[in-house]
Amino acid sequence: MRIVLQRVSRGEVRVDGQAVAAIGRGVVLLVGFTHDDSEDLFARAVDKIVDLRIFEDEGGKMNRSLRDISGEVIAVPQFTLYGSTKKGRRPSFAHAALPQHAARLFDLFVDALSKTGVPVQSGVFGAHMEVDLINDGPVTFVLDLAPPVRSG
């Protein structure tokens, strides 16, 4: 699972010219899955997202979390996060999860994030979306969450 997290002062997602998600201060998440990703990653990802101290306190230091500022989230499915440009001129998406697997994981991820009490909206899986955001800072982080190692 790979997430590009952008701190925003506002964000919006449109499909066919219609807004399907809009937030004020918070984060926009671009979310991609690979073949062996599963729900086992979600608890760690969700905790990281809501408690990561990326918002300034009174002293101007990144010391507040999404939860601390009562921020909002837009989650946007983005399979291109697993695109590879190492060979040739056309990206390869061999490492991206198949659409049916990724769609299920995305819905479950959004559900898990919603259970934190942080307001969550999402883009539309498989749709052509326009994502508008004002990156605040700019502040952007890439969260690479590898599947847990299974023993025995």
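What follows draws every value from the coordinates through simple rules; no lab data is involved. Since the model is a prediction, treat every value here as computed from it, not as a measurement. We place every Cβ from the backbone using ideal geometry, glycine too, and count neighbours over all the protein chains shown.
Of the residues Met1, Met62, Met129, the one with the fewest other Cβ atoms within 10 Å heads the list, and the complete ranking is Met62, Met129, Met1.
[x] 39, 35, 29; [y] 47, 46, 30; [z] 62, 40, 35: which one is Cα extents along the principal axes in Å as calculated from this entry? Correct label is [y]. When the square roots of the Cα gyration tensor eigenvalues are ordered a ≥ b ≥ c, the ratio a/c for region 1-61 is 1.5 or more and a/b does not exceed b/c, which makes its shape oblate. Put simply, when 119-126, 99-106 are sorted by average Cβ atoms within 10 angstrom per residue, most first, you get 119-126, 99-106.
For region 26-49, the residues whose backbone nitrogen is under 12 Å from a point 7 Å from the Cα of Ser65, taken along Cα to Cβ, are 44-49.
Calculated FRET efficiency, Arg90 to Ser38, Cβ-Cβ distance, R0 = 30 Å: about 0.55 to the nearest 0.05.
When each of the peptides 108-114, 18-24, 89-95 is scored by the mean number of other C-beta atoms lying within 10 Å of its residues, the order from highest to lowest reads 108-114, 18-24, 89-95.
Once the Cα-Cα distance is subtracted from the 0.36 nm per residue extended length, the Asp57 to Glu130 segment shows a gain of 23.1 nm.
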